[in-house]
Amino acid sequence: MSNSEPVSASAPSGVQSVERALTILEILARAGEAGVTSIAEEIGVHKSTAFRLVSALETAGLVEQAGDRGKYRLGMGILRLAGATTARLDVVQEARPICKQLATSTGETVNLAVLAEGAALYLDQVAGSSSLQAHNWVGQHIPLHATSNGKVLLGGLSADELTRTLGSLPSYTDATITTRKRLLAEVEKARATGYALAVDELEVGLTAVAAPIRNAHGDVIASLSLSGPTFRLDEARVEAVLPQLLAAADEISHRLGYAAAG
């Protein structure tokens, strides 16, 4: 009789594999170190299956071998993922009081966004006094090319990163930018002026203006925006609130350790 597992056991479904991989991470977090044999026993699979799962986690940097003893521990990749989460939490924490002040002083809705999965992920939102049941964008991935936040976040990327990040540019309104040449011109303009504007590009009747938030190294790690109905947030109104937006973004950046030259 063969010692190999049946096909159904050795080739679990994708979801089952993910669940088992997560269990392995939990085992290593609890035990500190563990060998493939003990991992296999704990998750109830053949040793060869456990080895394949551990190898996949090792390739991703999430686990690593603990010396030459045949045991594994959590890898540095875990710190990278945790660091990314902590950085986002830090941005929200530092930005929250300033976002509230900005929403109060301007009466407009304030949004905080970061780049994630080729989109602008909205982390926080504060509605101003002028807002009439503003749409809650928190937790949503919004198209980069159709938003002021997106243009600012794209402005923080290198040429190669821009190429990798930009996919198709679908149209949401007649004002949506759908050509790469025009979008790159807008991104360059945002870099030069320190802010980006989107008028009716995601939704007809919605205007937003955004500014970058930088970390201690000067990298653009988030974007802060003011948004409101186009009839109210017209060109004159944008010019009036822009200094407050820029000052707020600078203050958040300062709290995150950024010191502008000069």
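Brief remarks on what is shown
- For PRO212, the shell of other residues with beta-carbons less than 11 Å away shows a net charge of +1, using +1 for Lys and Arg and -1 for Asp and Glu.
- Chain lengthening between GLU19 and LYS100 when straightened (0.36 nm per residue, less Cα-Cα): 25.2 nm
- Dividing the alpha-carbon radius of gyration of region 7-74 by the rule-of-thumb value 2.2 N^0.38 Å gives 1.01.
- Relative exposure of GLU94, GLU117, GLU41, GLU201, judged by other C-beta atoms within 10 Å (fewest first): GLU117, GLU41, GLU94, GLU201
- The calculated Kirkwood hydrodynamic radius for the chain is 21.0 Å, given to one decimal from all distinct C-alpha pairs.
- Length gained when the stretch VAL92-HIS46 is fully extended (0.36 nm per residue, less Cα-Cα span): 12.2 nm
- Partners of LYS71 within straight-line reach, counting lysines whose Cα lies under 26 Å from its Cα and excluding those fewer than 8 residues away in the same chain: LYS47.
- Placing dummy labels 7 Å off each Cα toward the beta-carbon, the span from GLN65 to GLU161 is 3.4 nm.
- Modelled label positions at GLU117 and ILE142, each set 7 Å beyond Cα in the direction of Cβ, lie 1.7 nm from each other.
FYI, it's all coordinate maths here, none of it is from the lab. Bear in mind the structure is a predicted one, so any value in this text is a computation, not a measurement. In this analysis, Cβ positions are derived from the backbone assuming ideal geometry, glycine residues included, and neighbour counts consider all displayed protein chains.
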